[in-house]
Amino acid sequence: MAKTTLTDRFDEIPDDLTRVGAHRAPARRGRGWIGFAWAALATGALVLAGVLALAAFTDSINLELPFTASDAPADDEPATDEPAEPAEPAQPEASEAPAPVEPLLDPAIPITLLNGTATAGLAASAGDRLVTEGWCGAAGQDTVAEGECADSTAVGSRDNAESNDITATVVYYSDPANESAVLALVASLGIGEAQLSEDYPESPITVLLGSDYQEIAG
């Protein structure tokens, strides 16, 4: 049985028709990537908006945005404009106490002590102090030396000066060879001035006590 083909109005083409139908222009290159880019940008914007919204309601997400100042103080460390306290200067180490002055005087040379103040017994008390420090020549004629000076034969004298208004203590010596001993004696007294003089020729060393020593003794 022969197959019959049905015809329609498109099978009859007019003779005066030179072109039938519409032709679509070829698609331009790259149009597919433009659509994908817009879709990706929209997706990223939605994701960022969701993350920011989540961070606003919870502290579990710590975002360090590029527009956040890196030097901003933390919440638990408030900023302050107070200057830093300067470092304390280093304290100098305490120096050791100076060693006691050793007498440089020959124990056989007597020392005369004269009280130039109105304080009674000042020459005796000063002489006893010098004896305890090893100045055996400061022992008076009526004083028995003790300690290292017990066997010493050096005997000085203790008396009052002609004046009782002496203000400054002076240690007189007549021989320049005794200068170092006199300086050590001044150090033992804690006050006084060494002076080379012939004012007291009867004694190689004479200590004239003034009121400045009286203040120390008291």
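Out of the stretch 162-174, which residues are surrounded by 12 or more Cβ atoms within 10 Å (Cβ to Cβ), more than 51 Å from the chain's Cα centre (by Cα) and within 16 Å of ASP199 (Cα to Cα)?
Residue satisfying the conditions is SER174 alone.
Return the residues of the stretch 126-161 that are modelled with pLDDT of 90 or more and buried (at least 18 other Cβ atoms within 10 Å of the Cβ); say none if nothing qualifies.
Pass one, the stretch 126-161, residues modelled with pLDDT of 90 or more: 126, 158-161.
Listed by number, the residues that qualify are ALA126, ARG158.
Give the residue, chosen from TYR172, TYR200, that is among the aromatic types (Phe, Trp, Tyr), modelled with pLDDT of 90 or more and not in a strand (DSSP E or B).
Working: TYR172 fails: not in a strand (DSSP E or B).
None of the other options fit; the residue is TYR200.
Would it be correct to say that ALA194 is modelled with pLDDT of 90 or more and either more than 17 Å from ILE109 (Cα to Cα) or surrounded by 13 or more Cβ atoms within 10 Å (Cβ to Cβ) (or both)?
Details: modelled with pLDDT of 90 or more: yes; either more than 17 Å from ILE109 (Cα to Cα) or surrounded by 13 or more Cβ atoms within 10 Å (Cβ to Cβ) (or both): yes.
Judged against the criteria, ALA194 is a match.
Just the residues that are hydrophobic (A, V, I, L, M, F, W, C) and either in contact with a Ser or Thr (Cβ under 9 Å, 6 or more places away or on another chain) or in contact (Cβ under 8 Å) with a residue 24 or more places away in the chain (or both), please, taken from the stretch 152-181. Step through it out loud before you land on a result.
We begin by selecting, within the stretch 152-181, every residue hydrophobic (A, V, I, L, M, F, W, C); these are 154-155, 161, 166, 168, 170-171, 177, 181.
ALA154, VAL155, ALA161, ILE166, ALA168, VAL170, VAL171, ALA181, listed by residue number.
The values are calculated or read from the model by the stated rules, or taken from the named source; none is laboratory data. Keep in mind it's a predicted model, so treat the numbers as computed, not measured. Glycine gets a Cβ as well: all are built from the backbone with ideal geometry, and neighbour counts include every protein chain shown.
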